[in-house]
Amino acid sequence: MRSDTVTRPTAAMRQAMVTAPVGDDHYGEDPSVRALEEYAADLLGHEAAVFVPSGTMGNFVALRASATVGTEIIADAEAHVVTYEMGGLAALGGVQTRTLPGLADTADLAEIARAIRAPARGASASASRTYGMVRTAALAVENTHARGGGRVVPPARLDQLGELAARTGIALHCDGARLWNAAVAGSVEPRRLAAPFTTLSVCLSKGLGAPVGSLVICPAGLADDVREWRRRLGGAMRQAGVLAAAGLYALRHHVPRLADDHRRAAELAAVLADAAPGRVDPARVETNMVLVEVGDTARTIGQAAEAGVLIGATGPTTLRLVTHLDLDDTAVHRAGSVLATLLRAEPPVS
């Protein structure tokens, strides 16, 4: 239960990979890659898509296509692009990040607007920018929010951020590694969640179960820049159709079943909340993640591993449990039993 990245391809997905037609994608000649990109772009209501090896690369190349050297992006203080991507935007792209707590939910829109250092549309740069300040090029929003326990950013909030970005002339990027979970949880079409964004990075290798790969969704005019940065980072691939076929199968067959993961996470949260009141808040479980408060995550992770349950953490006292394609009801029930026993041994919550 460490992550939904540990899933393995199903038998049907493997068969799709075996029979996939392939060509050299660097020359734009892999028919399976082209089919995946066209399908994903249409699914999300945008003009273009580019297949990339990973979500981290997807975030980088999408943001770097919108943000030039010496500019900045604004992201949530707990965002994946800030916490888990090795400072790539700064180290490799010459772009700095600035953070705001609660960017996607609790931060007041007026506060976000004040934080943006960019001239409003129609205004001159000299009239709208303080001398020496770095220019804001993009806002980055993560949906679902991984360190927030898989919380969903609702469409209304996305629309507000989209209007703000348009008004200030900056890009709006979505780290949509689990956008599919957000769509299923909110019973909305994925394209509805994608509509406000300039660019998106969406993963195929998490809850959807593909072995590798993500997609950058973008305007047609940015696709060449995205491909150029993919190449520069060593991400151009050759006969990648065997991987693209897995992603296409995942998009066609594995999105609705995410509801099973969400149900199992909710059931697990209820079991653990009953076993150890105050350590789990079932009301905060919106998708496939459960956050659990303990005294020492390293100790609890070790104890759970000894009992055959692998779990992760987001900090020294917060465990993260993730349901996914490879965990059925029996597996989740067993994990719940093991973890409930461990939580009962924890000191009472003060």
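The values are calculated or read from the model by the stated rules, or taken from the named source; none is laboratory data. Just so it is clear, the structure is predicted and the values come from calculations on it, not from any experiment. Counting neighbours? That spans all protein chains shown, and the Cβs are built from the backbone with ideal geometry, glycine included. Note: areas computed on protein heavy atoms with side chains; ligands, DNA, RNA excluded. Shrake-Rupley method; radii C 1.70, N 1.55, O 1.52, S 1.80 Å.
Restricting attention to the range 86-121, the residues that are basic (K, R) and either assigned to a helix (DSSP H, G or I) or buried (at least 17 other Cβ atoms within 10 Å of the Cβ) (or both) total 2. Within the range 314-336, the set of residues being outside any helix (DSSP H, G or I), open to solvent by 20 Å² or more (accessible area, probe 1.4 Å) and more than 24 Å from P347 (Cα to Cα) comprises L325, D326, L327, D328.
Taking the stated definitions as given, is G207 on the phi > 0 side of the Ramachandran plot, crowded, with 24+ Cβ neighbours inside 10 Å and touching a Leu at 6+ places or on another chain (Cβ under 9 Å)? It is false that G207 is on the phi > 0 side of the Ramachandran plot, crowded, with 24+ Cβ neighbours inside 10 Å and touching a Leu at 6+ places or on another chain (Cβ under 9 Å).
In the range 1-13, of all residues being under 18 Å from H253 (Cα atoms) and in contact (Cβ under 8 Å) with a residue 60 or more places away in the chain, the one that is farthest from the chain's Cα centre (by Cα) corresponds to A12.
Inside the range 190-214, residues that are in contact with a His (Cβ under 7 Å, 6 or more places away or on another chain) and β-branched (V, I, T) make up a count of 2. One residue alone among A266, A273 is in contact with a strand residue (DSSP E or B) (Cβ under 9 Å, 6 or more places away or on another chain), surrounded by fewer than 22 Cβ atoms within 10 Å (Cβ to Cβ) and assigned to a helix (DSSP H, G or I), and that residue is A266. Contact map, the range 126-140: first residue modelled with pLDDT of 90 or more, second residue charged (D, E, K, R) and open to solvent by 30 Å² or more (accessible area, probe 1.4 Å), Cβ cut-off under 8 Å, separation 6 or more or different chains; pairs are V134/R117; R135/R117; R135/R129; T136/R98; T136/R117. Among the residues of the range 174-191, write down those that are open to solvent by 10 Å² or more (accessible area, probe 1.4 Å), out of contact with any Gly (no Cβ under 8 Å at 6 or more places or on another chain) and assigned to a helix (DSSP H, G or I). Correct list: V184, A185, G186, P190.
Cβ separations smaller than 8 Å between residues 6+ apart or across chains give the following pairs from the range 200-226 residues that are at pLDDT 95 or above and aliphatic (A, V, I, L, M) to residues that are in a strand (DSSP E or B) and surrounded by fewer than 24 Cβ atoms within 10 Å (Cβ to Cβ): I217/A48; A220/A48; L222/A48; A223/A48.
What about L161, is it of a type outside the set (D, E, K, R), in a strand (DSSP E or B) and more than 25 Å from P282 (Cα to Cα)? No, not satisfied.
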